[in-house]
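Novice: Here it is: the structure, laid out below.
Here, each number is a calculation from the coordinates, and none is a lab measurement. Predicted model only: the values in this text are computed from it and were never measured. Backbone-built Cβ (ideal geometry, glycine too); neighbour counts: all protein chains shown.
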């Protein structure tokens, strides 16, 4: 999962946790939401809390089982909250290669004016007292 996508999903998890006291469906345990370490099923809110806690401590990505559970959690959010986003996860085996280089490469000895097409640069600074 890319960084921006992961951040988006984690923001939605934060929203579920914040809204859980106001939305009963976020507080109903369900087997689809994986097991807690204590042995019981998670609720939508505890699932999201656990995922957020994992990212604080050591987790760097979201597992396939977590993705499946989050799809359901976010559907509930969308049904209960007008502007809550539905999320679907799809596996992408390989990202396409870029056709054009995105970074301009230059030979050694290039000047600033060659790189930036400018005549001169003036730098002004103030020394703190």
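Novice: In nm, what is the difference between 0.36 nm times the number of residues separating residue 60 and residue 10 and their Cα-Cα distance?
Specialist: 16.8 nm
Novice: What is the distance, in nm, between label points placed 7 Å from the Cα along the Cα-to-Cβ direction at residue 52 and at residue 22?
Specialist: 1.5 nm
Novice: Neighbour counts of other C-beta atoms within 10 Å: give me 22, 30 arranged from fewest to most.
Specialist: Ordered by Cβ neighbours within 10 Å, fewest first: 22, 30.
Novice: Find the relative contact order for the stretch 3-80 and round it to a whole percent, using C-alpha pairs within less than 8 Å whose residues are 6+ positions apart.
Specialist: Taking the mean separation of contacting Cα pairs over the length of the stretch 3-80, I get 31 percent.
Novice: Once a ≥ b ≥ c are taken as the square roots of the eigenvalues of the Cα gyration tensor of the stretch 3-80, is the result rounded (a/c under 1.5), prolate (a/b larger than b/c) or oblate (a/b not larger than b/c)?
Specialist: oblate
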